[in-house]
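These notes concern the structure reproduced below.
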Amino acid sequence: MISVFIHSPCRNVHEALPPVLDSTSEPPAIFDGTTRLYISYICPYAQRTWIARNYKGLQDKIKLVPIDLQNRPAWYKEKVYPPNKVPSLEHNNEIKGESLDLLKYIDSNFEGPSLTPDDPAKKEFAEELLSYTESFNKAVISSFKAEVINEAAEAFNYLEKALSKFDDGPFFLGQFSLVDIAYAPFIERFQPFLLEVKKYDIAAGRPKLGRWIEEINKNEAYAPTRRDPKELVEAYKKRFLVAPFFYTLSGNSISPSVGYVFVKMPLCTFAQCFDKFDYALHIFFIEGCIYPTHARMPSVFGLHVIVSACLQVDIAYAPFIERFKPFLLDVKKYDITAGRPKLAAWIEVLK
């Protein structure tokens, strides 16, 4: 249990953060009238809603339910939020999701200081900036492995220009708003990562952005949600600088002239990785055909090939599945083949 002290515009709050729930945890009493915000302490999207809750002084009105994203409880997907993502909000016996939508919902449906300006010009600009958030994130992330960071530089220049539009405060709309909350968790991660890995200071030559970072770091609704910068940098190194898993989108046939088509799959929970693997086998494994298992095997590419000439993707996965399967079973009591019949068949044939 972690204790934090929060000063919001409403009141001072001393909050003991609840422990993280994983696959071994019992679910809360869902739909009992309690308003719950399901988050992860490490997820930037969930962090947005957590900041909004703190700023509006809703610690007693909205209960935090932190989820372990690496070992998610089955009941969260089955009983709470089928997309199995965070954040989600349980309110009035309904579940709502998507972080930007939840920011607006929390602001308009709960008491506390408004995070939306009254000025029509500011409202219009707020919508423009909110709609740009995903483009901003993609532009910056695309630079992580690039030789030059032109796209990221342009994205940060966009923010610098946006911060120059209103002069009645250091924030995007002058005063602290939903827009600042939408960008803060990502700037928190991008700034130390780019500085260490690319030696790129996002505030250099951008005085407005530099001041914004200084001011947002003083915000007492945001402060309890922040992570150790070193932890964030290491997490991003593992996520973006270590070779990820791959899965194919090449279709049921492979043309040698076209070659293998791969798409990078983001590192996610191991359960999701194995789900994707099983799904790939469902797509590309030709149903209804009988092949002698001593001579042929189901391939992730959907081609039933002689074992001695199995495709590269099967070879790429086999040594790792060989290690992951017994390790997860022994340490996590997690059977990677449970509920994944194609993956189980693939493993059996490989043997």
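The values are calculated or read from the model by the stated rules, or taken from the named source; none is laboratory data. As the structure is a computational prediction, the values presented were derived from the model and not from experiment. Note that we place each Cβ from the backbone using ideal geometry, even for glycine, and neighbour counts take in every protein chain shown. In case anyone asks, the SASA skips ligands and DNA or RNA and just uses the protein heavy atoms, side chains included. Shrake-Rupley method; radii C 1.70, N 1.55, O 1.52, S 1.80 Å.
Below are the figures for this structure:
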| read-out | value |
| --- | --- |
| Point-charge dipole on Cβ atoms (K/R +1, D/E -1) for region 66-146, about Cα centre, debye to 20 | 520 debye |
| Residue-normalised accessible area of region 40-98, given per residue in Å² at a 1.4 Å probe | 38 Å² |
| Partner lysines for LYS96 [C-alpha distance under 21 Å; skip if fewer than 8 residues away on the same chain] | LYS56, LYS61, LYS63, LYS77, LYS79, LYS85, LYS104 |
| Under-5 Å amide H pairs with TYR334, H placed in peptide plane, nonlocal only | LEU329 |
| Test item: Cα-centred dipole of region 104-146, Lys/Arg +1 and Asp/Glu -1 on Cβ, debye | 360 debye |
| 5 angstrom amide H check on ILE67, placed H, neighbours 5+ away | LEU21, ILE39, SER40, TYR41 |
| Spacing of the two label points (7 Å from each Cα toward its C-beta) at LYS61 and GLU128, in nm | 3.1 nm |
| Three-way shape label, region 74-233, alpha-carbon gyration tensor, a/c 1.5 | oblate |
| Carbon/sulfur fraction of accessible area - region 154-218, other protein chains in place, 1.4 Å, % | 49 percent |
| Label zone at LYS230, where the point sits 7 Å out along the Cα-to-Cβ direction: region 19-47 residues whose backbone N lies under 20 Å | 42 |
| Relative contact order %, region 89-203, counting alpha carbon pairs below 8 Å whose residues are six or more apart | 21 percent |
| Point-to-point label distance, SER108-ALA74, nm (Cα→Cβ direction, 7 Å offset) | 3.8 nm |
| HN-Hα J in Hz across region 161-175 - Karplus 6.51, -1.76, 1.60, θ = phi - 60°, x for Gly and Pro | 5, 4, 6, 8, 6, 10, 10, 9, x, x, 9, 4, 9, x, 9 |
| Extension gain (nm, one decimal) between SER164 and GLU15, 0.36 nm per residue minus Cα-Cα | 50.1 nm |
| Residue (of TRP212, ALA162, LEU195) at the positive-pole extreme of region 125-243, dipole from beta-carbon charges | LEU195 |
| Surface accessible to a 1.4 Å probe, per residue, for the residues of region 112-181, Å² | 49 Å² |
